[in-house]
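Read-outs throughout are calculated quantities, based only on the coordinates presented, and are distinct from any laboratory measurement. Values in this document were obtained by computation on a predicted structure and should not be read as measured data. Virtual Cβ from ideal backbone geometry, glycine too; neighbours counted across all protein chains shown.
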Amino acid sequence: MAGTFVEHVNQLAADLTAQLILNITDVAAIKGNVSTVAGDSAAINAIVAQIIPNLAEILLADNNAATATVQAGISTTQAGFSAASAAAALLSEQNAALSYDQFDDRYLGSKAVAPILDNDGNALLVGALYFDTVTNKIRVWDGALWSDALILTAGSISTMTNKVLDDITNSVGANHVHHEVRNASGTTIAQGTVVTAQGIQSGTDYIEVVPLTDNQTQVAIGITHTAILNNGTGLVLNTGMSGDFTNTNIWPVGTILYVGTTGGFTDVRPTAGQYQACAVVLRQHNTQGRLLVEFTEPKHIASTTQQGYTQLNNTLTSTSTVQALTAVQGKVLNDALAGKQATLTFDTVPTNGSTNPVESNGIFDAIAAKADAANLANYLALSGGDMTGTIREAYAAIAASDIAVSTASVFSKTISGATTFTLSSIPLSPKVSGFTLELTNGGSAVVTWWAGIKWTGGIAPTLTAAGLDILEFYTRDGGTTWRGFVSSKDNK
């Protein structure tokens with residue numbers, strides 16, 4: 001109300017002042033009204049004189065009223081703040097109680113025995129912790145088992161300098177990789193045993209292992225670092241240096257080891273099936289041997305039913321059916337075959353080394369196979385016919401006493417002492433095979449013939465002691481029976 005009154009007075013004063021100025025201007029313009037204007041001016045001055053003495057009081061009253069209104073608003077606000085503070089305090093108290101309960105469910109405190117329920121008697125939360133006063137370690141609940149928690153300190157993570165990374169308790173260290181395993185064999189697994197995986201323990205990361213017993217059907221994953229009791233847990237070394245516990249007395253340093261046929265190690269690589277190279281001997285000792293191990297996937301040796309690695313052979317005389325020729329020997333074989341093929345032309349007789357004898361119809365199988373339609377008329381058909389031209393046959397001097405029947409048609413030999421003739425490379429029945437033998441000084445020493453010869457009159461001929469005899473032989477039953485006779489004696 002005070003504010004409204006002051007505003008009214010101020011407005012009135014402003015209106016009067018404006019009107020006064022206007023009137024004065026009019027007075028100056030209309031001199032005839034000077035008296036009237038003077039009278040009005042006096043009235044206005046009287047009103048202003050009444051207002052001005054009370055103006056300060058009017059303004060003070062207005063200020064006091066505004067101040068009272070503001071203070072009332074502050075009091076109301078302070079009351080609201082007090083109520084809000086009370087509500088916030090109550091909520092903070094409730095949150096603190098809830099946080100403590102949650103913390104109490106997660107961290108169970110110090111205990112000598114692993115708890116099976118939380119501090120409120122409820123089921124354990126996954127990730128719950130307690131301090132084991134027996135081992136002095138924080139332990140964590142994974143939903144099935146309690147295990148030691150990994151505690152990282154500032155010194156262990158700020159820098160890698162001078163940190164012990166190869167401690168055996170680390171699954172991965174500076175010089176090893178271990179698997180956490182559970183013994184599922186039914187009995188204790190000894191230290192240093194080669195093991196194979198057969199599953200994983202439900203609800204955990206423990207690999208279930210048993211000793212390896214067959215290197216052809218099982219895959220080794222490592223060797224036990226220590227003995228592991230049945231159903232107990234431990235570590236298996238997969239990669240890195242073993243401890244000083246392996247018996248390596250029979251193997252020199254640097255020996256490559258493989259998984260043995262019934263477990264353990266061997267320095268003999270299997271020649272069939274699969275094999276697993278897994279270690280190198282670093283120290284030779286009967287109780288403190290040391291190995292550098294790396295268990296990887298097995299290698300398969302190729303066979304007719306299994307793809308894999310094939311051993312190379314650098315000879316042409318091997319009888320192996322699972323090895324492959326080297327590139328060097330493959331070229332040697334190819335060159336040899338190319339040389340043989342070069343002799344099988346239509347107008348040449350195969351030279352020494354060929355196994356194609358002259359057949360009774362005078363045609364080589366290989367030549368017949370090589371003949372084409374344009375040249376076929378120039379050669380005698382296998383079914384027989386008239387032959388014209390010259391047949392050229394091979395000749396060979398007998399170095400010792402063996403006659404390789406398939407290598408030539410004419411042989412020669414000079415007798416210089418007791419001699420026993422033998423035969424080889426005889427064509428199989430029913431092919432007919434024969435040869436001519438030029439024998440010099442055959443009667444100068446005892447000559448013993450091979451078995452199965454049927455001579456003229458059933459008696460071996462008397463040969464010339466100093467001269468050349470020509471003998472003929474042939475067989476039609478693969479060499480069981482030979483017909484022999486002298487075609488020219490003391491030939492000059």
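A protection proxy built from the mean count of other Cβ atoms within 10 Å ranks the segments 464-470, 245-251, 450-456, most packed first, as 245-251, 464-470, 450-456. Counting beta carbons within 10 Å around each of Trp482, Trp449 and listing the fewest first gives the order Trp449, Trp482. In this structure the amide hydrogen of Thr436, modeled in the peptide plane, comes within under 5 Å of the amide hydrogens of Val410, Phe411, none closer than 5 places in sequence on its chain.
Pairs exceeding 32 Å between alpha-carbon atoms, taken from Lys331/Lys413; Lys331/Lys431; Lys454/Lys492: Lys331/Lys413; Lys331/Lys431. Distance distribution P(r), the stretch 177-300, all Cα-Cα pairs, bin width 5 angstrom from 0: 2, 13, 22, 24, 20, 12, 5, 1, 0 percent. Arranged from fewest to most other beta-carbon atoms within 10 Å of their beta carbon, Thr407, Thr480 become Thr480, Thr407. Residues Val293, Val113, Val259, arranged from fewest to most other Cβ atoms within 10 angstrom of their Cβ, appear as Val113, Val293, Val259. Taken one residue at a time, the phi angles of the stretch 123-135 give Karplus couplings (6.51, -1.76, 1.60, θ = phi - 60°) of 4, 5, 7, 4, x, 4, 10, 8, 9, 7, 6, 7, 9 Hz. Gly and Pro are set to x. Our coupling estimate for the stretch 246-263, obtained by passing each phi through the Karplus curve with A = 6.51, B = -1.76, C = 1.60 and θ = phi - 60°, is 8, 7, 10, 4, 8, 10, x, 4, x, 5, 7, 10, 10, 5, x, 5, 10, x Hz, Gly and Pro reported as x.
The string of couplings for the stretch 100-107 from the Karplus curve (6.51, -1.76, 1.60, θ = phi - 60°) is 5, 5, 5, 5, 5, 6, 8, 10 Hz, one whole number per residue in order, with x for Gly and Pro.
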